[in-house]
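The values are calculated or read from the model by the stated rules, or taken from the named source; none is laboratory data. Predicted model, so just to flag it, every value in this text is computed and none were measured. A quick note on method: Cβ atoms are made from the backbone with ideal geometry, for glycine too, and the neighbour counts reach across all protein chains shown. Keep in mind that these areas ignore ligands, DNA and RNA; they rest on the heavy atoms of the full protein, side chains included. Shrake-Rupley method; radii C 1.70, N 1.55, O 1.52, S 1.80 Å.
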Amino acid sequence: MEKYVLNGGNPLVGEVEIGGAKNAALAILAAATMTDETVYIDNMPDVYDTNAMLQAMRSVGIFVERTDRHSVKINASQIKNYTFDNDDIKKIRASYYFLGALLGKYKQGVVVLPGGCSIGLRPIDQHIKGFTALGAKVTTGYGVIDAKADALVGSHIYLDVVSVGATINIMMAASMAEGKTIIENAAKEPHVVDIANFLNSMGADIKGAGTDVIRIRGVEKLHGTEYTIIPDQIEAGTFMMAAAATKGDVTIKNVIPKHLEAISAKLVEMGCQIHESDDAVRVVATRRLQNTHIKTLPYPGFPTDMQPQMTVALGLASGISIVTESIFENRFKYVEELTRMGASIKVEGSTAIIEGVDKYTGASVSAPDLRAGAALVIAALTAEGFSTVEDIKYIERGYEDFDQKLRDLGAQIEKVDSDKEIQKFKLKNA
Ligand code: EPZ
């Protein structure tokens, strides 16, 4: 089983290019099936989750061609059935986006119940509430969700919870419903806006994405398009946090600084210097980080997907910091692993009380989920001595060439899959 082996202590220095947003790409791939015409998508990240979606599309007869590593050509006119239920798709959460797409286009769809990171219960009641409001009959059972409708009719839908997935799924179905749909209490994440822009480029009529009220006027047909996915806000934030934790100087390129405002603001509070240009952010951390307090919130608040990475950085800051996770009910599992590296953190319910320590020490840890895995790599980059990070398959679900990008910034990290290779790494970097 592949793992990362690291020798910590090097500040990260240099430049890193950010890829396309995984969480936008997953929804856009599903939305691309809503037309019989050809769709060209650029800046598609080459990660497990997007590849699983592409594989699932091929398995139902959709034409999918990677024209280069980050570009795909899709044509769904020959789709042969409306059931997405295969081993690849079971492992990712975003499978449920096919339901909104199929319901919108074909008024029917069957999709395997979503998988994804175990960071909480992650129900889909708001998705079902929206589809039902539009006139669909939705049943779950035998591991799948089945949705059918004679017709979809626009409706006024109030989300009980700010849900990225439900906002996007309902937006997709409503874009081909008859009449007008209003989604209240909608999620405002950058990738919600990206999917709305993508659908509008196909001829949809969606207004207000990025605010908490989205208005959709259904259309009969969507046409082909060429579209470029926005940069990944969380990949960018992860490298910003790695620069801060290792007291480095890193320029993160191909980003939209506005999407990173909550992260930049907190890093300034912690004593980092942040320099912004049109499409890059430079993070400079010359001295020990200072403590601060964080509460994860829907966008534009501090993103829950940056909570583990921030906790790792605060674990090295001077003083006591408090991190409250308000989105998911079980997103501190990684703290146990971080404690093995010397962190001093007490988790009480949805709050972590962090007493900064001078340093982490190398250890063997395992990634419990995607973002926590990336956070443990950041901890190992700062640690004194060698570390190994196992279960990196979680990390590779959402980070493309993660170890290579870190090596290019001066990190001593390699991907290995034998003890012999670990020994070789240790001899080389002793
Ligand atoms: C998306 O998950 C992302 N995943 C998550 O990123 C991200 O953490 C999350 O949005 C919040 O930003 C993808 O886009 C594939 P939600 P999603 O619906 O859509 C509750 C990563 O690391 N809820 O916004 O599943 C839910 O339990 C992943 O890339 C309901 O109660 O998140 C949670 O407490 C991890 N009922 C809250 O809402 C519902 O029907 C927010 O969930 C739906 C959600």
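Answer with yes or no whether ALA187 is open to solvent by less than 20 Å² (accessible area, probe 1.4 Å), over 30 Å from LEU267 (Cα atoms) and not assigned by TED's automatic domain parsing to the domain that holds ARG288. No: the conditions fail for ALA187. Taking the criterion of being in contact with a helix residue (DSSP H, G or I) (Cβ under 6 Å, 6 or more places away or on another chain) and either of a type in the set (Val, Ile, Thr) or within 11 Å of the ligand (Cβ to nearest atom) (or both), the residues of the stretch 30-40 that qualify are ALA30, THR33, VAL39. Could you give me the residue pairs with C-beta distances under 6 Å whose first residue belongs to the stretch 94-109 and is more than 15 Å from MET57 (Cβ to Cβ), whose second residue is more than 16 Å from the ligand (Cβ to nearest atom) and polar (S, T, N, Q) wherever it lies, and which are 6+ apart or on separate chains? Taking only residues 6 or more apart or on different chains, the pairs are GLY104/SER175. The set of residues in the stretch 315-374 that are small (Gly, Ala, Ser), over 14 Å from GLY8 (Cβ atoms) and in a strand (DSSP E or B) comprises SER318, SER321, ALA352, SER366. The residues of the stretch 114-135 that are hydrophobic (A, V, I, L, M, F, W, C) and away from the ligand (no atom under 12 Å from the Cβ), listed by number, are ALA133, LEU134.
Is at least one residue of the stretch 366-382 over 20 Å from GLY248 (Cα atoms), open to solvent by less than 60 Å² (accessible area, probe 1.4 Å), away from the ligand (no atom under 15 Å from the Cβ) and under 26 Å from the mean Cα position of the chain (by Cα)? Yes; the residues of the stretch 366-382 include at least one that is over 20 Å from GLY248 (Cα atoms), open to solvent by less than 60 Å² (accessible area, probe 1.4 Å), away from the ligand (no atom under 15 Å from the Cβ) and under 26 Å from the mean Cα position of the chain (by Cα). Scanning the stretch 136-194 for residues that are within 16 Å of the ligand (Cβ to nearest atom), within 16 Å of TYR97 (Cα to Cα), in a strand (DSSP E or B) and touching a residue at least 40 places away in the same chain (Cβ under 8 Å) gives ILE145, ALA147.
Annotation note: of HIS275, HIS293, the sole residue that is closer than 16 Å to VAL347 by Cα and modelled with pLDDT of 95 or more is HIS293. Taking the stretch 313-331 as the range and being closer than 16 Å to GLY271 by Cβ and surrounded by 21 or more Cβ atoms within 10 Å (Cβ to Cβ) as the test, the residues that pass are ALA313, LEU314, GLY315, LEU316, ALA317, SER321.
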